[in-house]
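The next block holds one structure in the form of structure tokens; read it before the comments.
The values are calculated or read from the model by the stated rules, or taken from the named source; none is laboratory data. Keep in mind it's a predicted model, so treat the numbers as computed, not measured. Cβ atoms come from the backbone with ideal geometry, glycine included; neighbour counts cover every protein chain shown.
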Amino acid sequence: MKEDSEFYYNPEEAMEIVQKYEDMLRHNRSFFFDVVDFENIIDYYISSDDSQRASEAVDIAYNMHPYSSEIQMKKAELLVLDKKYAEALDILKVLVKIEPENSEIHYLKGQSHLALGDQKSAHESFWYATNSYSEDKVDLLYRIASLYQDIDEDNYALRYLLYAHSLNRRALGVLFELGFCYERLGDLQKSEEYYNLYLDINPFSTSVWYNLGIVHTRKGEFAKALEAYDFALAVDPVNASALHNQANTYATIEKYAEAAESFVELLKYEPENPRIFASIGECFEKLGQFDKAFEMYHKCLEFDADYADAYFGMGVAHLKQEQLTQALDSMKKTISIEPDNYDYWLGLAKVLFEMGSDKEAMEAYREASSLNPDEPDAYIGIAELLLFEEKFVSVEELYHEVNEKFSDNSALKVLYAAALYLQRKSKLALTVLKQAKKLNVFAVDEFFAVVSIIDDPKFLQQLKSI
């Protein structure tokens, strides 16, 4: 019985048996081992990821003990590990008749059925497994849940994890996977709850603090996310993933100096990663430290001469300094590397607009909108160009074309209101501006930035009332 082999298993004794077994093989001596010895030998090779030797041991064991269900179980287990699920099932279907209450047989059957895409049979086998005797039911439930997680069936995994949790509320592996499952399912509150239950028992887990940071980031709780990443790094200062997320979180909340510091720290562990140099460059660009930004972008290109984001970053930095020719060259370079990148076409359009190349800018904006029609920025750029060219009717047409998709975008409403006002449709313009102000309190200020209102005190007075 499997329970017997677990009872007798001892790592030191197993090592002695393995050494004796290998010595016999090496010297081609005849030998005899009982079933429990062979189980230990096979388990040793399986745990050492040496499937070839495990398979050899199974064959020798079978020749010595052809009627042993325990050896047959080991053979089936090895077949499952080698992904020979149909062959494993042939053995398991016989074994289950001999030992119908053996939970491991049902577990392996379920694993094989699941791998072969037969979920109905897998569910049935797992039901029998969890209702049969098991020396460690929590571990069994955990392993079943892991199989479902491997095929992205997190709802099924949750059933077994919650059952396991009801049996042992301090099982750390179960708590971790519950947090992870709920995170993948988008129930971030539940995910946070279980990660915190884990930390109540063991506050020194860098991986749980790291995952909790991700949950807080997804909830928009950036201060809590940074705190979680700090704890992850306090437990494991070389946790590069936590350091990377910490840097990105600082950048998200526009703390670019802190973000740059974290990225620089990350270079200790990834000194030749061009992405990190580009990220540091972007931080310096946001801080207006353009010399440092260019230094980082050039360093990035030393490791990857075709790293498009570095050229894009240089283009943005040149644009901010009104170095339009250099900005244009950089933007064109990005597109030559990644011609289907929405952001790069958007950047090129902005440079062309600043250069007064309205026709080319319009083409670039339209290319961007075709690459990603679900983002509003390209349409805003088109509307701005049309308004600049006094094509007010075209602005109206564009607005009606995309308004349903971007009904919560205040910038488009402001540009539409401007086009209406400039066509002397003041009443409708006020209505649209009122809608825009509900979305953005600075909408009226943005309106004044694109429309010069002269000698229209009535409209100005009405604006104050919206």
Go through the residues of the stretch 288-300 one by one and say whether even a single one is acidic (Asp, Glu) and within 21 Å of Leu412 (Cα to Cα).
no
Check off (1) surrounded by 16 or more Cβ atoms within 10 Å (Cβ to Cβ); (2) within 30 Å of Leu324 (Cβ to Cβ) for Leu266 and give me the number that stays unchecked.
(2)
Taking into account only those residues within the stretch 222-258 that are hydrophobic (A, V, I, L, M, F, W, C) and outside any helix (DSSP H, G or I), which is nearest to Asn211 (Cα to Cα)?
Val238
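Rundown of residues vs (1) farther than 22 Å from Leu141 by Cα; (2) acidic (Asp, Glu); (3) surrounded by 16 or more Cβ atoms within 10 Å (Cβ to Cβ), yes/no style:
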{"position": "Phe38", "(1), (2), (3)": "yes, no, yes"}
{"position": "Gln52", "(1), (2), (3)": "yes, no, no"}
{"position": "Tyr67", "(1), (2), (3)": "yes, no, no"}
{"position": "Leu79", "(1), (2), (3)": "no, no, yes"}
{"position": "Lys84", "(1), (2), (3)": "yes, no, no"}
{"position": "Leu92", "(1), (2), (3)": "no, no, yes"}
{"position": "Ile105", "(1), (2), (3)": "no, no, yes"}
What residue, among those in the stretch 123-147 that are hydroxyl-bearing (Ser, Thr, Tyr) and under 10 Å from His106 (Cα atoms), is surrounded by the most Cβ atoms within 10 Å (Cβ to Cβ)?
Ser125
Which count do you get for residues in the stretch 445-455 that are surrounded by fewer than 18 Cβ atoms within 10 Å (Cβ to Cβ) and either within 10 Å of Ser410 (Cα to Cα) or of a type in the set (D, E, K, R) (or both)?
2
If a residue has to be surrounded by fewer than 21 Cβ atoms within 10 Å (Cβ to Cβ) and of a type in the set (A, V, I, L, M) to count, how many in the stretch 159-169 make the cut?
2
I need the full set of residues from the stretch 152-210 which are over 11 Å from Tyr142 (Cα atoms) and in a loop (DSSP other than H, G, I, E, B), in order please.
Asp152, Glu153, Asn168, Arg169, Arg170, Gly186, Asp187, Asn202, Pro203, Phe204, Ser205
Residue satisfying all of: in the stretch 107-122; at negative phi and not in a helix (DSSP H, G or I); surrounded by the fewest Cβ atoms within 10 Å (Cβ to Cβ) among these
Leu116
What about Asp306, is it at pLDDT 95 or above, closer than 24 Å to Tyr379 by Cβ and either touching a strand residue (DSSP E or B) at 6+ places or on another chain (Cβ under 6 Å) or acidic (Asp, Glu) (or both)?
no
Does Leu398 satisfy the criteria of being out of contact with any Lys or Arg (no Cβ under 8 Å at 6 or more places or on another chain), free of Cβ contacts under 8 Å to residues at least 24 places away in the same chain, exposed (fewer than 15 other Cβ atoms within 10 Å of the Cβ) and not assigned by TED's automatic domain parsing to the domain that holds Met331?
no
Given the structure, is Leu79 among the hydrophobic types (A, V, I, L, M, F, W, C) and touching a residue at least 24 places away in the same chain (Cβ under 8 Å)?
no
Checking Leu172 against (1) closer than 30 Å to Arg218 by Cβ; (2) surrounded by 19 or more Cβ atoms within 10 Å (Cβ to Cβ); (3) of a type in the set (A, V, I, L, M, F, W, C), which single condition isn't satisfied?
(2)
Check whether at least one residue in the stretch 12-26 is within 22 Å of Ile91 (Cα to Cα) and touching a helix residue (DSSP H, G or I) at 6+ places or on another chain (Cβ under 6 Å), and report yes or no.
no
How many residues does the stretch 368-404 contain that are of a type in the set (D, E, K, R) and touching a Gly at 6+ places or on another chain (Cβ under 8 Å)?
0
In the list Ser125, Ser134, Ser146, Ser121, which residue meets the criterion of being modelled with pLDDT under 95 and either more than 14 Å from Tyr182 (Cβ to Cβ) or out of contact with any helix residue (DSSP H, G or I) (no Cβ under 7 Å at 6 or more places or on another chain) (or both)?
Ser134
Out of Phe204, Phe231, which single residue is surrounded by fewer than 16 Cβ atoms within 10 Å (Cβ to Cβ), over 17 Å from the mean Cα position of the chain (by Cα) and among the aromatic types (Phe, Trp, Tyr)?
Phe204
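Yes or no, residue by residue, for (1) at pLDDT below 95; (2) more than 23 Å from Phe353 (Cβ to Cβ); (3) assigned by TED's automatic domain parsing to the domain that holds Met355:
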residue: Ser394; (1), (2), (3): no, no, no
residue: Val402; (1), (2), (3): no, no, no
residue: Lys413; (1), (2), (3): no, no, no
residue: Tyr416; (1), (2), (3): no, no, no
residue: Leu430; (1), (2), (3): no, yes, no
residue: Leu433; (1), (2), (3): no, yes, no
residue: Glu446; (1), (2), (3): no, no, no
residue: Ile453; (1), (2), (3): yes, yes, no
residue: Gln461; (1), (2), (3): yes, yes, no
